[in-house]
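Undergrad: Have a look at this one before I ask anything.
The values are calculated or read from the model by the stated rules, or taken from the named source; none is laboratory data. Note that the structure is a prediction, hence the values are computed from the model and not measured. We place every Cβ from the backbone using ideal geometry, glycine too, and count neighbours over all the protein chains shown.
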Amino acid sequence: MRWRVPVSGALSALGVATFIAPPLTLLNARALPATPVALLALGNHLLVETTSPNELLLSTTTSNSPVATLSLSTPHTELAVTGTSLWTGSPTSSTLTRVPWSARGFATPSTFSLTSAPSALVGVSPSSLLVAESD
């Protein structure tokens, strides 16, 4: 049997409550480790990227571990998804990081060198990533 969790349910799994009013405010009832810099809905899951500490947080559907966490070595502010891969990058680094993910959490990340820092990442299809590099 499959369960569908709306984004609000995924936010609840992370302990984040949202109030949609100008400006959009995120309040953390579960004490996120830092201010979110990127949010991405992944089907029934919500991915939150933070800096200081540099982490990826993924809401999961298991009650014994409602959030999967992955520490990143450097701050990332760009985020995209292609299939079962998360891609993160930073405008201050020429490194692109690929993080495999599943409903259970994250797998071991791998890094790729670019000629310049990425200014935007867009998951075009399950197998295609569009990378805009800064000058």
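Undergrad: Taking only pairs six or more apart or across chains, which ones have beta-carbon atoms under 9 Å, a first residue in the range 63-74 that is under 19 Å from S90 (Cα atoms) and in a loop (DSSP other than H, G, I, E, B), and a second residue that is small (G, A, S) and at pLDDT 65 or above?
TA: As it stands, the answer is T74/S90; T74/S93, since those pairs meet every condition given.
Undergrad: Restricting attention to the range 88-109, and to residues there that are exposed (fewer than 15 other Cβ atoms within 10 Å of the Cβ) and part of a strand (DSSP E or B), which single residue is modelled with the highest pLDDT?
TA: Top of the filtered list is P100.
Undergrad: Modelled with pLDDT of 90 or more, over 17 Å from T51 (Cα atoms) and within 12 Å of the chain's Cα centre (by Cα): which single residue out of S113, S85, S128 fits that description? Break it down into steps so the answer makes sense when it comes.
TA: On the way: S113 fails: within 12 Å of the chain's Cα centre (by Cα); S128 fails: within 12 Å of the chain's Cα centre (by Cα).
Among S113, S85, S128, only S85 is modelled with pLDDT of 90 or more, over 17 Å from T51 (Cα atoms) and within 12 Å of the chain's Cα centre (by Cα).
Undergrad: Give the residues of the range 13-62 that are surrounded by fewer than 16 Cβ atoms within 10 Å (Cβ to Cβ), within 21 Å of W87 (Cα to Cα) and at pLDDT below 65, sorted by residue number.
TA: none
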